[in-house]
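Derivation of every value follows stated rules applied to the coordinates shown; laboratory data play no part. Owing to the predicted nature of the structure, the values given are computational and were not obtained by experimental measurement. Glycine gets a Cβ as well: all are built from the backbone with ideal geometry, and neighbour counts include every protein chain shown.
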Amino acid sequence: MPGQCDRPVPQRVRGAGVRGAAERGPGPLSGRGSGAGRRRVFADLGRTVGRPLADLCTILDPAAVVVDGSLGAAGPPVMTGIRETIDRHAAPAVADSIQVLTGELGELAEVLGGVALVRQRSLDALSRDWPRW
């Protein structure tokens, strides 16, 4: 009589009562199934990310929180979750003044941010070293 290890892995898994993804049906992130389920997953993601952002906003009081624009269709529910969490957990005066925006720079965001940082530091160094008459 062959042992359990003589069978291929998928047969052993099925024999253990574990159902595969195809047997479970569409998940909340698949292209099929409920759009409400997908929106809820992404809104939950936004709330999860928004909680530490709310704390940082209370401490730093930024003018805006910019979320990567490459989220596509997932962007609006993620942004809604972040906004709700900032409104709920940040200091009221801070929460009212913060904008939650979608980034528009795409793949160039890091490069342009680095260029802006170098430019600002160069200008700061020039103004500090510039002779004052």
Between the modelled labels at ARG40 and ALA63 (7 Å from Cα along Cα→Cβ) the distance in nm is 3.9 nm
What ³J(HN,Hα) values, in whole Hz, does the Karplus curve 6.51 cos²θ - 1.76 cosθ + 1.60 give for region 82-92 when θ = phi - 60°, with x put for Gly and Pro?
5, 4, 4, 6, 5, 4, 7, 10, 7, 4, x
Near ASP68, within a Cβ-to-Cβ distance under 13 Å, what is the net charge of the other residues, with Lys and Arg +1 and Asp and Glu -1?
-3
Let me check I've understood the local charge: for ALA43, count other residues with C-beta under 11 angstrom from its C-beta, Lys and Arg +1, Asp and Glu -1. What total comes out?
+3
VAL111 versus ASP96, label points 7 Å from Cα toward the beta carbon: distance in nm?
4.2 nm
Taking the Cα-to-Cβ direction at ALA73 and at ASP87 and moving 7 Å from each Cα, how far apart do the two end points lie in nm?
2.5 nm
Name the residues whose placed amide hydrogens come within less than 5 Å of the amide hydrogen of LEU101, ignoring near sequence neighbours (fewer than 5 apart) on the same chain.
VAL65, VAL66, VAL67
